[in-house]
Amino acid sequence: MASSLLSSPKPSSFSSANPTSTPRPRAQTLSPFRAAAPRFSHGLAAAANPSASRRCYHRAFARPVRASMAQPRRPEYVPNRIDDPNYVRVFDTTLRDGEQSPGATMTSTEKLVVARQLARLGVDIIEAGFPASSPDDLDAVRSIAIEVGNTPVGEDGHVPVICGLSRCNKRDIDAAWEAVRHARRPRIHTFIATSEIHMQHKLRKTPEQVVAIAKEMVAYARSLGCPDVEFSPEDAGRSNREFLYHILEEVIKAGATTLNIPDTVGYTLPYEFGKLIADIKANTPGIENAIISTHCQNDLGLATANTLAGAHAGARQLEVTINGIGERAGNASLEEVVMAIKCRRELLGGLYTGINTQHITMSSKMVQEHSGLHVQPHKAIVGANAFAHESGIHQDGMLKYKGTYEIISPDDIGLTRANEFGIVLGKLSGRHAVRSKLVELGYEITDKEFEDFFKRYKEVAEKKKRVTDEDIEALLSDEIFQPKVFWSLADVQATCGTLGLSTATVKLIGPDGDEKIACAVGTGPVDAAYKAVDDIIQIPTVLREYSMTSVTEGIDAIATTRVVVTGDVSDSKHALTGHSFNRAFSGSGAALDIVVSSVRAYLSALNKMSSFVGAIKASSEVSESQRVQTTE
């Protein structure tokens, strides 16, 4: 019931006794941290001379971080080389690894919206999903490849690479190619585990077998016509070095254009990971014909530090996610990595990215809204407190000169948005003003979607004096970026209090257009409403999470509800293990009434579940039909 809220293989020629064995002597390995950080030259003397202190701030901080500072243009994209040795490609995996966060399931529409924003942000590669995991994911990646993968954005007409993940088998690679081949720049990303612990206990294969599979599958991906193939040796951080050099050499020969080095379990320290990248660069034959990439998990809180260490040591592609979301403790955060490179560019040897940092704040908010994963207030760069100053000493310094306590300007990440026309939305605002606001916030919707949204906007505007950007985003998510509608809310009426039982009456409109009504009693109005919904829909579910937040301050604020439910849906495949698992579905709803908001969120999650089950059934029917035809 949804209302029950739940708070041994053959011996190998590669020794595994020392996973960090000494590199081959044919090239000298340099420490990634050979240059010491410059010391500040403005200690007590600067404190005694405010004007000198200001000059030091401008010299040490202002130049690297200002968004207006000119930087070289993005080099022309060539899969296996970068003409400018200081350029670092940004590979965003928010829609793949980020969506593996429990309850972070996005609809196809939401994924497309986020992909558009990632293109505006300027990421070089968008890993749009794991097409073999489900028919729905394949369709979502295909849609992104068709639209985002062929639409130039920005002043330079940038078109991102669209990438699909696959395990090292033909079925996965076929699905990935089917999804991404429609893009102007398609990429297949395939992986297989290379650490002793994974090969022995998970794959149950010898190192020689793993090398053979990797070579064969990279070659197979290239044979399909894909000019850009990325290979990842899973758990590289705990793999034998000599074995790593060997397997990377072989996949380069087979046609791999990017070699991604993942710290899959977030185990390495920055010095170790930087040395790993430097050793691979120095000891892998043919490495000059491929790009070295990093993918760092955050299990020990070192993902950003490890990523920067890898870049300093020679990696020229960095795999990241918006807000650092992802499996377990998450991934390296795009905003942290990019702003660190921008802020400390001189110390990092002049490295730079093609990211338009003015879109960072909007991208962060959009991912929070659509994934349901909100960042903590003290999150670096995008947290609510990142540019807040409460200490009296800090406030005094900020009032005198902002550079005393801010190394990054909020404007650099698009945190402040000044409307040049001075438009304040309210109940008298017309379609043109509202649509202009949507464009300003980065949302492009169809005319029909806008009319549906505008109707909800007017309902809220009649009850609120001023409609904020946060209100707009909450209504957009609730009205437009919802899954395919099987059940929609017509009416809900609830009673509660200390004088009797809480009751709720719910009217839903079903897939066939029929109205169905149910009444239920619960421990509170939301519990009663959810039981009434269960009585109508009859889908066995368990409510795993329930949370509600106020979008803005004030008694008339819109309430946003987020729920996570699970049901009997185990046909999803985990990207790394390949095992089926019981998938969780998140839903969000927004309304001025908390009960209405709660029911909308619950229906959103149930509609996601229904859509996913429908896609699985349709895929099974097609497969069965093909099997019957083959038999005949």
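The values are calculated or read from the model by the stated rules, or taken from the named source; none is laboratory data. Since we're looking at a predicted model, the values are computed, not measured. Cβ: placed from backbone, ideal geometry, glycine included. Neighbour counts: every protein chain shown. What goes into the accessible areas is simple: the full protein's heavy atoms, side chains included, and nothing from ligands, DNA or RNA. Shrake-Rupley method; radii C 1.70, N 1.55, O 1.52, S 1.80 Å.
Residue count for region 111-123, restricted to those that are crowded, with 24+ Cβ neighbours inside 10 Å and not in a helix (DSSP H, G or I): 1.
Exactly one residue out of 146, 197 is of a type in the set (Val, Ile, Thr), over 22 Å from the mean Cα position of the chain (by Cα) and open to solvent by 30 Å² or more (accessible area, probe 1.4 Å): that is 197. Any chance region 376-390 includes a residue that's closer than 19 Å to residue 153 by Cβ, assigned to a loop (DSSP other than H, G, I, E, B) and under 17 Å from the mean Cα position of the chain (by Cα)? Scanning region 376-390, I find no residue that is closer than 19 Å to residue 153 by Cβ, assigned to a loop (DSSP other than H, G, I, E, B) and under 17 Å from the mean Cα position of the chain (by Cα), so the answer is no. Filtering 539, 517 for residues that are in a loop (DSSP other than H, G, I, E, B), in the same structural domain as residue 590 (by the TED database) and either buried (at least 17 other Cβ atoms within 10 Å of the Cβ) or at pLDDT 90 or above (or both) leaves a single hit, 539.
In the set (1) of a type outside the set (S, T, N, Q); (2) open to solvent by less than 30 Å² (accessible area, probe 1.4 Å); (3) modelled with pLDDT of 85 or more, the condition left unmet by residue 372 is number (3).
Residues that are buried (at least 24 other Cβ atoms within 10 Å of the Cβ) and in a strand (DSSP E or B) within region 162-184 comprise 162, 163, 164, 165, 166, listed in sequence order. Looking at 261, 247, 213, can you tell me which residue is in a helix (DSSP H, G or I), modelled with pLDDT of 95 or more, open to solvent by less than 10 Å² (accessible area, probe 1.4 Å) and on the phi < 0 side of the Ramachandran plot? None of the other options fit; the residue is 247. For residues that are touching a strand residue (DSSP E or B) at 6+ places or on another chain (Cβ under 8 Å) and open to solvent by 20 Å² or more (accessible area, probe 1.4 Å), scanning just region 547-559, find the one that is farthest from residue 593 (Cα to Cα). Top of the filtered list is 547.
Per this entry, residue 331 is not counted among residues that are within 28 Å of residue 251 (Cα to Cα) and either open to solvent by 20 Å² or more (accessible area, probe 1.4 Å) or not assigned by the TED database to the domain that holds residue 254 (or both).
If the condition is being within 10 Å of the chain's Cα centre (by Cα), part of a loop (DSSP other than H, G, I, E, B) and within 17 Å of residue 383 (Cβ to Cβ), then region 308-344 contributes 325, 330.
If we scan region 164-171, do we find a residue that is closer than 21 Å to residue 371 by Cβ and more than 17 Å from the chain's Cα centre (by Cα)? Checking region 164-171: not a single residue is closer than 21 Å to residue 371 by Cβ and more than 17 Å from the chain's Cα centre (by Cα). For residue 187, the conditions (1) open to solvent by less than 50 Å² (accessible area, probe 1.4 Å); (2) in a helix (DSSP H, G or I) are fulfilled apart from (2). Given the criteria at pLDDT below 80 and either more than 30 Å from residue 367 (Cβ to Cβ) or not assigned by the TED database to the domain that holds residue 451 (or both), does residue 483 qualify? Answer is yes for this residue.
Within region 544-561, can one find any residue that is outside any helix (DSSP H, G or I), at pLDDT 90 or above and among the β-branched types (Val, Ile, Thr)? The answer is yes; a qualifying residue exists.
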